[in-house]
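The values are calculated or read from the model by the stated rules, or taken from the named source; none is laboratory data. The structure displayed is predicted, hence computed values, not measured ones. Ideal geometry is used to build each Cβ from the backbone, glycine not excepted, and the neighbour counts take in all protein chains shown.
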Amino acid sequence: MKKILVLIGILFFASNALAVELTVDEVVSKANNRSYYQGKDSRAKANMVVTDSQGRTRQRQLTILKLNIQDGGDQKYFVYFHKPNDVKGMSYIVWKHVGKDDDRWLYLPAMDLVRRIAASDKRSSFAGTTFLYEDISGRSIDLDIHELDSSDPDFYVVKNTPKDVGAVEFSYYTVKIDKSNFVPMKAEYFDKSGKLYRTIEALEVKDIQGYPTVTKMKAADLNANSNTVTEFSEIKYDIGLKEDIFTERFLRNPPQQWLKE
């Protein structure tokens with residue numbers, strides 16, 4: 001009788017575990033929210049070290065401001081470059097939209113020129129680094145079909161296939177997601193022939209104001225044998241950013257109170 005009760009107990013807990021198992025779309029939504037929507041807004045300094053195929057390095061130092069317009073929906077980003085001198089004063093704004101192309105503008109101080117970045121350029125290099133424009137604000141989860149590739153006690157691995165295969169250079173990409181906090185730990189991109197050619201990996205995760213936050217990450221171009229490591233510092237959430245600073249006029253006159261080094 002005791003063995004039967006133990007067996008019933010095991011089956012009960014197992015059935016409960018299955019009952020709370022998430023769908024792949026729920027996993028993707030949670031990971032997306034963890035990556036891009038924590039807090040009402042945020043500010044972070046970023047130091048990017050770009051290493052080319054010959055081992056030569058270049059740096060980029062910048063501040064990233066983010067404001068959530070709608071939880072899980074539209075967002076606005078402001079990126080300002082502090083160093084080195086060839087990019088100092090350059091600024092970049094993104095209006096991220098759900099269901100349509102994002103709006104992006106780049107200010108080039110050397111020419112005093114505001115350039116609108118076409119939607120077709122979102123998969124191009126961000127300021128000469130291995131990261132892409134789309135990496136900064138994130139790829140919309142609605143652009144891909146999501147499948148659960150594998151699941152173990154620690155991680156989900158999700159395969160993401162673009163709905164419009166002609167709009168991107170990859171055939172699909174996989175994302176490894178930590179089950180304990182839904183932080184995406186590694187993304188691997190495969191080209192049209194199925195060859196792995198690009199990775200983005202979280203190298204360090206810390207708790208910031210109760211939010212699990214990636215504080216160090218690496219993007220690698222395997223074909224070019226180059227990579228960019230980004231370290232984030234002075235991260236703060238819920239700082240009270242106003243929407244009016246995410247406008248074109250602030251590209252030329254950045255909101256200095258939020259950008260002080």
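Can you find a residue that is closer than 20 Å to residue 235 by Cβ, part of a strand (DSSP E or B) and among the hydrophobic types (A, V, I, L, M, F, W, C) anywhere in region 94-111? Yes; the residues of region 94-111 include at least one that is closer than 20 Å to residue 235 by Cβ, part of a strand (DSSP E or B) and among the hydrophobic types (A, V, I, L, M, F, W, C). Per the conditions (1) among the hydroxyl-bearing types (Ser, Thr, Tyr); (2) over 22 Å from residue 249 (Cα atoms); (3) at pLDDT 95 or above; (4) outside any loop (DSSP other than H, G, I, E, B), the sole criterion not satisfied by residue 53 is (4). Just a yes or no: is a residue in region 91-98 closer than 23 Å to residue 61 by Cβ, more than 17 Å from the chain's Cα centre (by Cα) and at pLDDT 95 or above? Yes; the residues of region 91-98 include at least one that is closer than 23 Å to residue 61 by Cβ, more than 17 Å from the chain's Cα centre (by Cα) and at pLDDT 95 or above. Which residues, taken from region 172-207, are closer than 18 Å to residue 148 by Cβ and of a type in the set (Gly, Ala, Ser)? 180, 187 - these are the residues of region 172-207 that are closer than 18 Å to residue 148 by Cβ and of a type in the set (Gly, Ala, Ser). In region 234-254, the residues that are closer than 20 Å to residue 82 by Cβ reach residues that are acidic (Asp, Glu) with C-beta atoms within less than 9 angstrom, at least six apart or across chains, in these pairs: 239/41; 241/41; 250/244; 252/112.
Looking only at residues of region 160-173 that are within 19 Å of residue 24 (Cβ to Cβ) and touching a Ser or Thr at 6+ places or on another chain (Cβ under 9 Å), we find that the one that is surrounded by the fewest Cβ atoms within 10 Å (Cβ to Cβ) is 161. Is it true that some residue in region 30-48 is of a type in the set (A, V, I, L, M, F, W, C), surrounded by 14 or more Cβ atoms within 10 Å (Cβ to Cβ) and touching a helix residue (DSSP H, G or I) at 6+ places or on another chain (Cβ under 8 Å)? Looking through region 30-48, none of the residues is of a type in the set (A, V, I, L, M, F, W, C), surrounded by 14 or more Cβ atoms within 10 Å (Cβ to Cβ) and touching a helix residue (DSSP H, G or I) at 6+ places or on another chain (Cβ under 8 Å). Of all residues being in a strand (DSSP E or B) and of a type in the set (Gly, Ala, Ser) in region 34-50, which is nearest to residue 135 (Cα to Cα)? Just the residue, please. Taking the candidates together, the pick is 46. Scanning region 215-261 for residues that are touching a strand residue (DSSP E or B) at 6+ places or on another chain (Cβ under 8 Å), of a type in the set (Gly, Ala, Ser) and surrounded by fewer than 15 Cβ atoms within 10 Å (Cβ to Cβ) yields 233, 240.
Checked against the criteria, residue 216 counts as part of a strand (DSSP E or B), among the basic types (Lys, Arg) and touching a Leu at 6+ places or on another chain (Cβ under 9 Å). The combined condition, being in contact with a Phe, Trp or Tyr (Cβ under 6 Å, 6 or more places away or on another chain) and among the aliphatic types (A, V, I, L, M), is not fulfilled by residue 224.
Among the residues of region 128-144, what is the count of those that are within 13 Å of residue 93 (Cα to Cα) and in a loop (DSSP other than H, G, I, E, B)? So the count comes out to 0.
Filtering region 71-91 to residues that are in a loop (DSSP other than H, G, I, E, B) and in contact with a Leu (Cβ under 7 Å, 6 or more places away or on another chain) leaves only 90.
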